[in-house]
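These notes concern the structure reproduced below.
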Amino acid sequence: MVFRLALMAVVLALSLRPSTAQTIADRMQRVVQPYLDAQMFMGSILAAKDGKVIFSRSYGMADLEWNVPNSPTTKFNIASMTKQFTAAAILLLEDRGKLRTDDLVKKYLTDAPTSWDKITIYHLLTHTSGISDNAAKYEPGTPDKLIFRDVPLTFQPGEQWAYTDLGYMVLGYLIEKISGQTYEAFVQENIFKLLAMHDSGMFSNDTVIPRRATGYWPGDNGIENADRPDWRIGFSAGSLYSTTQDLLRWEEGLFGGKVLTPASLHKMTTPFKSDYACGLHVNRVGGHLMIEHDGNNIGYNSDMAYYPEERIAVIVLANLNGTVTGEMTKELAAVAHGETPSIPSVHKEIPLPKEILARYAGTYQFSQYTLKITPEGNHLLITYSNGDTDVVFPESETRFFSKPWPLQFEFSKDGNGKFALLTRHQSDKLENGVKK
């Protein structure tokens, strides 16, 4: 009798014990929650292992004005994540014998300036061409136009790495010239249709796109509608939209060999300089091979990472500008790997008395520029000597942060006990200034 009761207790305990999938989902939700509490994220997230979804949730609103929530089928502009599709399209054309990636760009674009004489398609794919973003202007239309400017290269092709949107716009223009199709039609027919990515396409203000997420911006007094530029301007460097579900189909299709030949996939995922391959960053993070790219546009942020050795995919799409998508991707991936994620770097705005904000007013001298600080409401307006501006919010009496950008300011006292020293942190760059 005692044995039977003990056995029943064990069975009951096992029945109440959460499954591994539930445990992973709970842990991933705990990763996301601090960003939600700080109102730093709104969008959709998906994580998968071995092609099976282990976490798929959506947060906040696709349309705040109509109270329409985000969902796994909500469509987001993926911004620079577009580049990997452009790279794949170029490599598809190479697989079909339509071009070679070591071809000179001027073989196809004969009106390009003489400074482009040594630039190959591969240089454009790997951001090693030396062209700057003002070396040509893309004009959307029928047909699309690329207007060149005779601007000197910033370095000789292949010698250095410098990220540029223009290089990928030139690639899109090449796809159109060589295939005889529009960029949108080529990608739809040869990638999206092939992988049943029915919720992906070209972002446009003119086209009615069902379940489109509206883009938002963290304004001075809360969430605001983001500007709505002509989305076509990003072209093959940043104008596609997709969903978390479609992007999982892309990851599984690309790395499952459904899109490119093994040789082309190897080329696409082999870094050339600065851990950048063709439309993808490739490096080891925490001992795991990670193939990743992010995207940032007005109103939208995105990040997608694939770990081929474990077949783990993490996709984060946001329609509220911020700085957290990449950080969330890596923390969620840590959970998927069975590891402990890092502590979220969450910034929370606090109210400060006007007299504390007022003590920071003034002009500060940095090595290359000056900036002026003006208190406004519960934030500080930063005006740089070139006319650019930032708005930063207090998270303590001395530390302030930007909501849409990876930017923080910290004030400290000088030898006289006055708050006259200012440290500016942006990404990994640190600068010090002093009040004039």
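Would you point out the residue of segment 273-287, among those that are in contact with a helix residue (DSSP H, G or I) (Cβ under 8 Å, 6 or more places away or on another chain) and at pLDDT 95 or above, that is farthest from D102 (Cα to Cα)? Working first, answer last.
The first filter runs over segment 273-287 and keeps only residues in contact with a helix residue (DSSP H, G or I) (Cβ under 8 Å, 6 or more places away or on another chain), leaving 277-280, 285-286.
Keeping just the survivors that are at pLDDT 95 or above gives 277-280.
Working: A277: 15, C278: 13, G279: 16, L280: 19 Å.
Looking at residues that are in contact with a helix residue (DSSP H, G or I) (Cβ under 8 Å, 6 or more places away or on another chain) and at pLDDT 95 or above, I get L280.
Do you know which residues across segment 61-72 are assigned to a strand (DSSP E or B), open to solvent by 50 Å² or more (accessible area, probe 1.4 Å) and farther than 24 Å from D26 by Cα? V68, the sole residue that qualifies.
Just to be sure before I move on: is S427 open to solvent by 60 Å² or more (accessible area, probe 1.4 Å) and on the phi > 0 side of the Ramachandran plot in the structure I sent? Talk me through it step by step, then tell me what you get.
Details: open to solvent by 60 Å² or more (accessible area, probe 1.4 Å): yes; on the phi > 0 side of the Ramachandran plot: yes.
Spelling it out, S427 is indeed open to solvent by 60 Å² or more (accessible area, probe 1.4 Å) and on the phi > 0 side of the Ramachandran plot.
Scanning segment 81-118 for residues that are of a type in the set (S, T, N, Q), within 29 Å of the chain's Cα centre (by Cα) and surrounded by fewer than 21 Cβ atoms within 10 Å (Cβ to Cβ) yields one hit, T101. Scanning segment 346-366 turns up at least one residue that is hydrophobic (A, V, I, L, M, F, W, C), within 26 Å of M42 (Cβ to Cβ) and under 26 Å from the mean Cα position of the chain (by Cα).
Is it the case, given these coordinates, that E397 is surrounded by 13 or more Cβ atoms within 10 Å (Cβ to Cβ) and within 30 Å of L36 (Cβ to Cβ)? Talk me through it step by step, then tell me what you get.
Numbers: surrounded by 13 or more Cβ atoms within 10 Å (Cβ to Cβ): yes; within 30 Å of L36 (Cβ to Cβ): yes.
Criteria met by E397.
Quick check on segment 149-164. Is at least one of its residues of a type outside the set (A, V, I, L, M, F, W, C), open to solvent by 60 Å² or more (accessible area, probe 1.4 Å) and under 17 Å from S236 (Cβ atoms)? Scanning segment 149-164 turns up at least one residue that is of a type outside the set (A, V, I, L, M, F, W, C), open to solvent by 60 Å² or more (accessible area, probe 1.4 Å) and under 17 Å from S236 (Cβ atoms).
As a summary of the residue check, I121 satisfies the conditions (1) open to solvent by 10 Å² or more (accessible area, probe 1.4 Å); (2) within 30 Å of D246 (Cβ to Cβ); (3) under 28 Å from the mean Cα position of the chain (by Cα) except for the one numbered (1).
Looking only at segment 28-60, which residues are part of a strand (DSSP E or B), open to solvent by 40 Å² or more (accessible area, probe 1.4 Å) and touching a residue at least 24 places away in the same chain (Cβ under 8 Å)? Don't jump to the end; show me each part of the working.
To start, the set of residues in segment 28-60 that are part of a strand (DSSP E or B) comprises 43-49, 52-59.
Next, only the ones that are open to solvent by 40 Å² or more (accessible area, probe 1.4 Å) stay: 49, 52-53, 56-57.
Once the filter is applied, which keeps residues that are part of a strand (DSSP E or B), open to solvent by 40 Å² or more (accessible area, probe 1.4 Å) and touching a residue at least 24 places away in the same chain (Cβ under 8 Å), segment 28-60 yields K49, V53, S56, R57.
The values are calculated or read from the model by the stated rules, or taken from the named source; none is laboratory data. A quick note: this is a predicted structure, and the numbers were derived from the prediction, not measured. Cβ: placed from backbone, ideal geometry, glycine included. Neighbour counts: every protein chain shown. Heavy atoms of the whole protein, side chains included, go into the accessibility calculation; ligands, DNA and RNA do not. Shrake-Rupley method; radii C 1.70, N 1.55, O 1.52, S 1.80 Å.
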